[in-house]
Amino acid sequence: TVDPAVAEDDVELAVEGALRPSSLAEFVGQHKVRGQLQLLLDAARIQQRPPDHILLSGPPGLGKTTLAMIVAHESERPLRMSSGPAIQHAGDLAALLSSLVPGEVLFIDEIHRMARSAEEMLYLAMEDFRIDIMVGKGAGATSIPLDLAPFTLVGATTRSGLLPNPLRDRFGFTAHLEYYEPEELERVVARSAAVLGVEVPPAAREEISRRSRGTPRIANRLLRRVRDYVIVHGDPSTSSGTGGGSGTGGGSGTGGRTLRAGTATEADVAAALELYDVDAIGLDRLDRAVLDAVVRRFRGGPVGLSTLAVTVGEEAETIESVVEPYLVRIGFLGRTPRGRVATPEAYAHLRVPAHGATVR
Ligand code: ADP
């Protein structure tokens, strides 16, 4: 999913892969969605058919890709990964669909960015496992029907509102992922800390969770930066260079090759995250730029999305699907028909005195 606030390199992406839970039981939080998915998968298994098509929506980093992998893993089917931006023509989709093996799980990330012509092809494919391939142009054009192997489509989108209704209606199950509660993020951090071989006591875990914008991907990323900080600045007596260990648990590691990084204190967490511009409640630089623009530049709003995007030099889509949902969720921004408005909480966070009647 698009997450332009961070460009992660290959190593980081590999680590992200290692931190992914591979079963529903290991997947933290999203209790309701997990139960619904479990039922869907169990029923399909009993009837020995591919599970129904699944649409997952929600902001980046909440586990959509992870759930798609879990669907494939738990139903013991191969997984093919693609994305909306990679499907620019109906032909791209035809090539993809016709190469699926029977029962394969097809994951299309950012499905709302697929070409229109491909969307229409997908309707028929999802419903009847069949597509019509157009050959020729103009009066001589004909369509050749092509049968497909049955498959399960898992679509992910940060903007389910942008999907045309006929496409949305063809998913047998639609789930919206919500931001995670702090105690759920603490569980994500605890699990990942064990994989990364860093000891994170409860107070430090709370601190990381509080600053993770309700998002597991961010919690994992902050944890990695905290681990780096501990490796460089931490108390050497708590780390184990070559397996000596200090007797407090020890990292389970990936394949036993991860060295214990040591123990993260709350102070380590605070210092590491300050270095990376994450503030006390987890807002990053772009979050603060947006808030700052609404509060100072536009005196609390209302300000339209496109104006706001130009002011902070970022794509409107990023503001709308990444930045805004969280600021709205924590009550810092409100949406009105005339634009975005800042709340008193936003003023307080930026330490700007609220001026009178413009905000409620
Ligand atoms: P999305 O596809 O929604 O952008 P991902 O599925 O790629 O998000 O998740 C991002 C990272 O967060 C992954 O490394 C994954 O391990 C972790 N993650 C997401 N959701 C959970 C969860 N519920 N439990 C544990 N880890 C999670």
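The values are calculated or read from the model by the stated rules, or taken from the named source; none is laboratory data. Small disclaimer: the values here were computed from a predicted structure and weren't measured. Counting neighbours? That spans all protein chains shown, and the Cβs are built from the backbone with ideal geometry, glycine included. Protein only, heavy atoms only, side chains kept; ligands, DNA and RNA dropped before computing areas. Shrake-Rupley method; radii C 1.70, N 1.55, O 1.52, S 1.80 Å.
Summary of values
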{"quantity": "Filter result (part of a loop (DSSP other than H, G, I, E, B), of a type in the set (Lys, Arg) and open to solvent by less than 40 Å² (accessible area, probe 1.4 Å)) within region 11-64", "calculated": "none"}
{"quantity": "Odd one out for residue 98 among (1) open to solvent by 10 Å² or more (accessible area, probe 1.4 Å); (2) of a type in the set (S, T, N, Q); (3) under 23 Å from residue 22 (Cβ atoms)", "calculated": "(3)"}
{"quantity": "Residue 105 of a type in the set (Val, Ile, Thr), without any contact (Cβ under 8 Å) to a residue 60 or more places away in the chain and touching a strand residue (DSSP E or B) at 6+ places or on another chain (Cβ under 8 Å)", "calculated": "yes"}
{"quantity": "Criterion (open to solvent by less than 50 Å² (accessible area, probe 1.4 Å), among the aliphatic types (A, V, I, L, M) and within 30 Å of residue 262 (Cβ to Cβ)) met by exactly one of 154, 200", "calculated": "200"}
{"quantity": "Odd one out for residue 170 among (1) open to solvent by 60 Å² or more (accessible area, probe 1.4 Å); (2) of a type in the set (D, E, K, R); (3) within 16 Å of the ligand (Cβ to nearest atom)", "calculated": "(3)"}
{"quantity": "Of all residues in region 323-360 being in contact with a Leu (Cβ under 8 Å, 6 or more places away or on another chain) and β-branched (Val, Ile, Thr), the one that is least open to solvent (accessible area, probe 1.4 Å)", "calculated": "323"}
{"quantity": "Residue check, residue 57 touching a residue at least 60 places away in the same chain (Cβ under 8 Å), more than 13 Å from the ligand (Cβ to nearest atom) and under 24 Å from the mean Cα position of the chain (by Cα)", "calculated": "no"}
{"quantity": "Evaluation of residue 133 against (1) within 15 Å of residue 93 (Cβ to Cβ); (2) touching a residue at least 60 places away in the same chain (Cβ under 8 Å) (one fails), failing number", "calculated": "(2)"}
{"quantity": "Matching residues, region 269-317, being touching a residue at least 40 places away in the same chain (Cβ under 8 Å), open to solvent by 30 Å² or more (accessible area, probe 1.4 Å) and on the phi > 0 side of the Ramachandran plot", "calculated": "299"}
{"quantity": "Checking residue 78 against (1) more than 13 Å from the ligand (Cβ to nearest atom); (2) open to solvent by 60 Å² or more (accessible area, probe 1.4 Å); (3) within 27 Å of residue 184 (Cβ to Cβ), the condition it does not meet", "calculated": "(3)"}
{"quantity": "Every residue from region 173-197 that is open to solvent by less than 10 Å² (accessible area, probe 1.4 Å) and either over 19 Å from the mean Cα position of the chain (by Cα) or more than 12 Å from the ligand (Cβ to nearest atom) (or both)", "calculated": "193, 197"}
{"quantity": "Residue tally, condition buried (at least 22 other Cβ atoms within 10 Å of the Cβ) and part of a helix (DSSP H, G or I), over region 258-267", "calculated": "0"}
{"quantity": "Residues satisfying the stated conditions in region 11-54, i.e. away from the ligand (no atom under 14 Å from the Cβ) and closer than 25 Å to residue 196 by Cα", "calculated": "none"}
